[in-house]
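K.L.:
Mind having a look at this structure? Questions to follow.
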Amino acid sequence: MIRTLVVRGLLLGLLAGLVAGGFAFFVGEPRIDSAIALEEAAAAAAPAEPEPAGHSHDVEISRPVQKAGLFLATGLYGLAVGGVCALVIAGLRGRVGPRNEGGLALAVAGTAFVAVILVPFLKYPANPPAVGDPETINSRTVLYVVMLLVGLAATAVAVAVSRRIAAGSWQRWIGAVAAFLVPVIAAWVLLPTINEVPDGFPATLLWEFRVASLGTQLVFWAAFGVLFGWVSERASRRADALVAA
């Protein structure tokens, strides 16, 4: 059974990744092109600096190749994430969350989006090209990962608190939400803020890029949750029909 779920997760994750890649291609790539144009214009206007001895030019990948590689990247991302989510769903079935297959898949996908994507994004949102200091990329990556781990830990705490509350469903929901928000808000307040947007960078372009970046993730997780839930529900009904026959 677990093998079937993993294969299902891999295939549907790949499909959801390609759907998200299509969204990113049509919505996000034009913003990246605009940001690159701004970066190139700023570089052309800046005085040329002599290159140090022994310096070699980095190999640049053309934009058409990058755009084609976008679908490869989102497909591989979906493949990996789909397999992991299938294992999570297999471990949660009958223990935590909705009892029906579709509801559980949507719950896992929605929770993963909030914990893994939304929580770190609200503190450290994505930036387009020409925004960010290359020398701080390591520290920014570490802070983003820390925020991601906080989201996962807060989710685990919320689930544990929900299972310990014996009262009605609304009390469990309040306890779970409070248990989730306390560590997340604490991390948002305590972790340093990073703002490396240069003066004069168009605020509209920055906002549109960030919305497109978050939207790509939302499309992926929504597509995966719906697809996995729909296929799982059909498989469950088919199995019940065979048993009844």
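K.L.:
Go through (1) within 19 Å of the chain's Cα centre (by Cα); (2) assigned by TED's automatic domain parsing to the domain that holds Ala35 for Asn100 and report which single condition fails.
P.N.:
Going through (1) within 19 Å of the chain's Cα centre (by Cα); (2) assigned by TED's automatic domain parsing to the domain that holds Ala35 one by one, Asn100 breaks only (1).
K.L.:
Still on this structure: Within the set of pairs 6 or more residues apart or between chains, which connect a residue that is touching a residue at least 40 places away in the same chain (Cβ under 8 Å) and more than 24 Å from Phe26 (Cβ to Cβ) inside region 71-97 to a residue that is surrounded by fewer than 18 Cβ atoms within 10 Å (Cβ to Cβ) and of a type in the set (S, T, N, Q) with Cβ atoms less than 8 Å apart?
P.N.:
none
K.L.:
Give the residues of region 92-111 that are part of a helix (DSSP H, G or I), at pLDDT below 90 and more than 18 Å from Arg238 (Cβ to Cβ), sorted by residue number.
P.N.:
Leu92
K.L.:
Another question, if that's okay. For residues that are touching a residue at least 40 places away in the same chain (Cβ under 8 Å) and over 15 Å from the mean Cα position of the chain (by Cα), tally how many sit in region 118-138.
P.N.:
The qualifying residues number 7.
K.L.:
Among Val88, Val114, which is part of a helix (DSSP H, G or I), hydrophobic (A, V, I, L, M, F, W, C) and modelled with pLDDT under 95?
P.N.:
Val88
K.L.:
Another question, if that's okay. Hey, can you tell me all the residues within region 200-221 that are closer than 17 Å to Gly22 by Cα and either touching a helix residue (DSSP H, G or I) at 6+ places or on another chain (Cβ under 7 Å) or loosely packed, with under 12 Cβ neighbours inside 10 Å (or both)?
P.N.:
Hits for region 200-221 are Glu208, Phe209, Ala212, Ser213, Leu214, Gly215, Thr216, Gln217, Leu218, Val219, Phe220, Trp221.
K.L.:
Would you say Pro202 is touching a residue at least 40 places away in the same chain (Cβ under 8 Å) and of a type outside the set (Val, Ile, Thr)?
P.N.:
yes
The values are calculated or read from the model by the stated rules, or taken from the named source; none is laboratory data. No experiment lies behind these values; they were computed from the predicted model shown. Positions of Cβ are backbone-derived with ideal geometry, glycine not excepted, and every protein chain shown enters the neighbour counts.
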